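What follows is a short report on a single structure.
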Amino acid sequence: ALAGRRVDAPNTRPPRFPVGNIQMVRTRIREVLEQRGATWVVSSAACGADLIGLSEAASLGLKRRIILPFDRDRFRVTSVVDRPGEWGHVFDTLIDQAEESGDLVIIQKTSGENAYFAGNIEILNQAVALSKQYSAPAAVLLAWERSLNGNAPGSGSMPSGKADHTEELGAEALARGLAVIEVSTLTGLR
């Protein structure tokens, strides 16, 4: 399972995933996929870590399953093309491929912030199901500027009242006993 930060909107303070760090994050995600011997990647498809991870998985010939909390057009507008970068084409290509292979799951059972939480739960459920189906261990890769143990430089709390969906997914993965691998979206951190 893979989750992480979207690229920062202009003037984001403090930075969480600067656009200038895309190639570095791409390299870090690819290294983890190769080192872990991944065969599947289950993720959403937001701009940033999700689309980078899915693209790297495609280039490595890995199978991919994409989970969207609601219809693709709405998701594309709210989570893909609203940030700097050329994400729209990558999203469309990966979604089309997932749809064609039967590996696109659209939830549409909830709305608002609950939709993203439901998406996270489905990502984990799908990853665990695939792990059982293929008798392989499931793990979660988080690409973000923080750490679940709070020790990474630059880690800090989110603004009060704002859900951190990456943290939620990581915490749920740990509660399920899954291995969690973290890579930083910030320069100088690993």
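The values are calculated or read from the model by the stated rules, or taken from the named source; none is laboratory data. Computed from a predicted model, the values in this text were never measured in an experiment. Methodologically, a virtual Cβ is constructed for each residue, glycine included, from the backbone with ideal geometry; neighbour enumeration extends over all protein chains shown. Protein only, heavy atoms only, side chains kept; ligands, DNA and RNA dropped before computing areas. Shrake-Rupley method; radii C 1.70, N 1.55, O 1.52, S 1.80 Å.
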Quick one: what pairs do we get from segment 85-99, first residue at positive phi and small (Gly, Ala, Ser), second open to solvent by less than 40 Å² (accessible area, probe 1.4 Å) and in a loop (DSSP other than H, G, I, E, B), C-beta under 7 Å, 6+ apart or different chains? GLY85/VAL7; GLY85/CYS47
Options SER147, SER160: the member that is over 20 Å from ARG26 (Cα atoms) and either at pLDDT 95 or above or not aliphatic (A, V, I, L, M) (or both): SER160
Among the residues of segment 86-103, is any at pLDDT below 95 and either open to solvent by 60 Å² or more (accessible area, probe 1.4 Å) or over 18 Å from GLU122 (Cα atoms) (or both)? yes
Filtered residues of segment 1-26 (kept if in a helix (DSSP H, G or I) and surrounded by 13 or more Cβ atoms within 10 Å (Cβ to Cβ)): VAL19, ASN21, ILE22, MET24, VAL25, ARG26
Selection within segment 163-175 - closer than 25 Å to LEU51 by Cα and either at pLDDT 95 or above or within 14 Å of the chain's Cα centre (by Cα) (or both): ASP164, HIS165, THR166, GLU167, GLU168, LEU169, GLY170, ALA171, GLU172, ALA173, LEU174
Residues that are part of a helix (DSSP H, G or I), touching a helix residue (DSSP H, G or I) at 6+ places or on another chain (Cβ under 8 Å) and farther than 23 Å from ASN114 by Cβ: does segment 31-45 have at least one? yes
Some residue of segment 49-59 being outside any helix (DSSP H, G or I), touching a strand residue (DSSP E or B) at 6+ places or on another chain (Cβ under 8 Å) and buried (at least 17 other Cβ atoms within 10 Å of the Cβ): no
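Assess whether ALA58 counts as being touching a residue at least 40 places away in the same chain (Cβ under 8 Å) and among the hydrophobic types (A, V, I, L, M, F, W, C).
no
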Among the residues of segment 26-42, are any in contact with a Lys or Arg (Cβ under 7 Å, 6 or more places away or on another chain) and among the basic types (Lys, Arg)? no
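Out of all the residues in segment 108-120, is one or more within 21 Å of ARG30 (Cβ to Cβ) and surrounded by 15 or more Cβ atoms within 10 Å (Cβ to Cβ)?
Checking segment 108-120: not a single residue is within 21 Å of ARG30 (Cβ to Cβ) and surrounded by 15 or more Cβ atoms within 10 Å (Cβ to Cβ).
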Out of all the residues in segment 26-46, which are farther than 19 Å from ALA129 by Cα and among the hydroxyl-bearing types (Ser, Thr, Tyr)? THR27
